[in-house]
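The structure under discussion appears below in the form of structure tokens.
The values are calculated or read from the model by the stated rules, or taken from the named source; none is laboratory data. No experiment lies behind these values; they were computed from the predicted model shown. For neighbour counting, all protein chains shown are included, and Cβ atoms are generated from backbone atoms with ideal geometry for every residue, glycine included.
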Amino acid sequence: MTGVQITSTPAATTTANPRYKVTFRRVLRSEWSKFLSLRSSWITLALAVLATVVIGMVAAYRYDPVHADQHDAVALSLDGITLAQLVVGVLGVLATAGEYTTGMIRSTFAAVPRRLPVLWSKCLIYFGVVFVVGAAGAVASFLAGAGFLSGKPIALTLSDTGVLRCLFGAALYLALVAVLGAGLGMLVRSAAGGICLLVGALMLMPVFLDLLPSNWKTDVTPYLPANAGQSGFTLHTDSTMLSPGTGLLVLLGWVTAVLVGAAYRVKHSDS
Amino acid sequence: MIEIHHVVKRYGDKMAVDDLDFTVEPGVVTGFLGPNGAGKSTTMRMIIGLDAPTSGHVTVNGKHYAQHTAPLQEVGALLEARSVHPGRSAYSHLLSLAYTHGIPRRRVDEVIELAGLGKVAKKRAGSFSLGMGQRLGIAAALLGDPQTVMLDEPVNGLDPEGVLWIRNLLKGLAAEGRTVFVSSHLMSEMALTATNLVIVGRGRLLADTTVASFVEQAGGERVKVVSSDPERLRALLAGPDVTVTGEIGTETLQVSGLSAREIGSLAADAGIAIYDLTQQAVSLEEAFMALTNDAVEYRSSTDTETKGSVAA
């Protein structure tokens, strides 16, 4: 039956119906739907907020002017960022490396063979989501802590100079760390490897700096990703830190460098 | 239409694909056969641009896959069974792919029905059996209503009903004028569905042929005849396209080029008693193995030569 028809049809079907087209907006829409449809995305984000708020509240509750390491209410409310940065960083790593470990990347790149729009979409989405969630967490932590600190000398309100800048700076820091994670995940294509590099970049670099001569160390330390980022959410930066704007720009530089590497690897190696 | 032009793919020292050159035509099912490790999957990955050839190039409908504005509409591919995030439902997986091309939800529902996934579409893909995973992969391949459908070992893990479904699906797609390119390491499966055959071994092209001529080369249809007078029968059957073989002193002859019916009539006319008359299909699997075994031996000897010349 089919044998007769087949010889006559090919010519008719060589003109593809041009209904569909891949555009950047559509790739972004696709990546957004991927983000929304994974339960782990939500759990991780909830953990990041929980870490920020709970640790911030505990720090404010236990505040004791005699033995304090932190000098202001903002710093107390952002104590949880140390943990939250790891949570959102891991979220970023899993967003990209997870595609490789599950094999999903083959489906993704079959649909978007130009590949780079996928990386940029993921970066935009994780930056945006983590910024919004991080800002909500930081503000919630500050307000919750303010209850415990009212009447004490370090108490601050949202309208005090620099407070909102710090809270949003913390959100920006978390969002950049998430993108850093996404870049590292794409670069090494393995969740374990990506997380190791992330922890290394954020927490272990200072340890390695101890190997350098001490005068170099003081010059270099402010430029490490975590230190540079931290100046973005510190109320009163001292001489050992960069200014808030410069700090966040330096962190952005680190993130950009990783993304350039990731983009090169994505574009030029087999998937 | 898929065109493979002198494609070489090397992973370090290992030659995965060695100067493959063939064309996959629309309107028929083309079987892509070879033992495990012959380079079939690598070739398919190069067709959709997941791997880049070391040299040579591959085009689909005249362009590189990545240059098409709607790649999923050009080629729908099922690669290794799992190309899915296990935490996402089948529906969400397909929808996320559909979004990249602006393919409507209606089409997602259609391919879910087509692949028989209606009942499990909202379940996490990680909970799927191998067969369900294959069906999801095939649903994804058909999502863009593609001109070319390329499936890597599609019957793996499918139950008999699923195998039958795949056979009919492939024939139906080809009958609609699409290019259908299917890999397998089972000759018998290909003989049932494919019209054209591309056979590879150790990354090299061994045969670019049709199922019909492969069967012909393998010895065609043979008939076993056991009779009272094999000598006289042999003389009777002789003709330009007929070959008769049989050991002297036995009553059995092997005949190719004549049907059992023709042999029976000739023998009856000559008054020769027939004790047994059996149509024997050639073993395609054996012919295929003979072909690919040769390739392995051939490759081994060239490997040695190359090493020798490098050492010298």
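Can you run down the residue pairs with Cβ atoms below 6 Å, 6 or more apart or on separate chains, where the first is in the range B:260-282 and touching a residue at least 60 places away in the same chain (Cβ under 8 Å) and the partner is surrounded by fewer than 11 Cβ atoms within 10 Å (Cβ to Cβ)?
none
Condition first: facing chain A (nearest Cβ under 7 Å) and of a type in the set (A, V, I, L, M). Now tell me which residues in the range B:59-87 satisfy that.
B:Ala66, B:Ala70, B:Leu72, B:Ala77, B:Leu79, B:Val84
Quick test of your reading of the structure: A:Leu158 fulfils all but one of (1) closer than 20 Å to A:Leu91 by Cβ; (2) touching a Phe, Trp or Tyr at 6+ places or on another chain (Cβ under 8 Å). Name the failing condition by number.
(1) is the only condition that A:Leu158 fails.
Quick one: which strands (runs of 3 or more DSSP E) lie wholly within the range B:191-259 and hold at least 3 residues that are over 30 Å from B:Arg45 (Cβ atoms) and at pLDDT 90 or above? Write out each step before concluding.
Working: elements: B:196-201, B:204-210, B:222-227, B:243-245, B:252-256.
By residue number, B:222-227.
Go through the range B:42-58 and report how many residues are among the small types (Gly, Ala, Ser) and within 11 Å of chain A (Cβ to nearest Cβ).
Filtering the range B:42-58 for residues among the small types (Gly, Ala, Ser) gives B:49, B:52, B:55-56.
Then drop every residue that is not within 11 Å of chain A (Cβ to nearest Cβ), which leaves B:49, B:52.
Qualifying residue count, the range B:42-58: 2.
Take B:Glu161 and tell me if it is under 10 Å from the mean Cα position of the chain (by Cα) and either in a helix (DSSP H, G or I) or without any contact (Cβ under 8 Å) to a residue 40 or more places away in the chain (or both). So that I can check it myself, show each step before the final result.
Numbers: under 10 Å from the mean Cα position of the chain (by Cα): no; either in a helix (DSSP H, G or I) or without any contact (Cβ under 8 Å) to a residue 40 or more places away in the chain (or both): yes.
Against the criterion (under 10 Å from the mean Cα position of the chain (by Cα) and either in a helix (DSSP H, G or I) or without any contact (Cβ under 8 Å) to a residue 40 or more places away in the chain (or both)), B:Glu161 does not qualify.
What helices (runs of 4 or more DSSP H) lie completely within the range A:130-248 and have 1 or more residues being more than 30 Å from A:His268 (Cα to Cα) and polar (S, T, N, Q)? Spell out the reasoning first.
Details: elements: A:163-188, A:191-199, A:205-209, A:214-220, A:225-230.
Filter on the range A:130-248 gives A:214-220, A:225-230.
The rows are residues; the columns are (1) on the phi < 0 side of the Ramachandran plot; (2) under 9 Å from the mean Cα position of the chain (by Cα); (3) not charged (D, E, K, R).
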site	(1), (2), (3)
A:Phe131	yes, yes, yes
A:Ala135	yes, no, yes
A:Ala144	yes, no, yes
A:Leu149	yes, no, yes
A:Ala155	yes, no, yes
A:Leu158	yes, no, yes
A:Gly162	no, no, yes
A:Gly181	yes, yes, yes
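Which of the helices (runs of 4 or more DSSP H) found entirely inside the range A:48-129 contain at least 1 residues meeting this: over 23 Å from A:Thr237 (Cβ atoms) and within 14 Å of chain B (Cβ to nearest Cβ)?
On the way: elements: A:73-77, A:81-102, A:104-111.
Passing ranges, in order: A:81-102, A:104-111.
B:Glu153 - would you say it is farther than 29 Å from B:Thr59 by Cα and either free of Cβ contacts under 8 Å to residues at least 40 places away in the same chain or more than 10 Å from chain A (Cβ to nearest Cβ) (or both)?
Details: farther than 29 Å from B:Thr59 by Cα: no; either free of Cβ contacts under 8 Å to residues at least 40 places away in the same chain or more than 10 Å from chain A (Cβ to nearest Cβ) (or both): yes.
Taking the combined requirement at face value, the residue does not satisfy it.
Restricting the first residue to the range B:226-243 and requiring it to be among the aromatic types (Phe, Trp, Tyr), which pairs with a second residue that is in a loop (DSSP other than H, G, I, E, B) meet a Cβ separation below 9 Å and a spacing of at least six or different chains?
Nothing qualifies.
Out of (1) within 9 Å of chain A (Cβ to nearest Cβ); (2) farther than 17 Å from B:Gln147 by Cβ; (3) out of contact with any Phe, Trp or Tyr (no Cβ under 8 Å at 6 or more places or on another chain); (4) among the small types (Gly, Ala, Ser), the odd one out for B:Gly102 is which?
Tallying (1) within 9 Å of chain A (Cβ to nearest Cβ); (2) farther than 17 Å from B:Gln147 by Cβ; (3) out of contact with any Phe, Trp or Tyr (no Cβ under 8 Å at 6 or more places or on another chain); (4) among the small types (Gly, Ala, Ser), B:Gly102 fails exactly one: (3).
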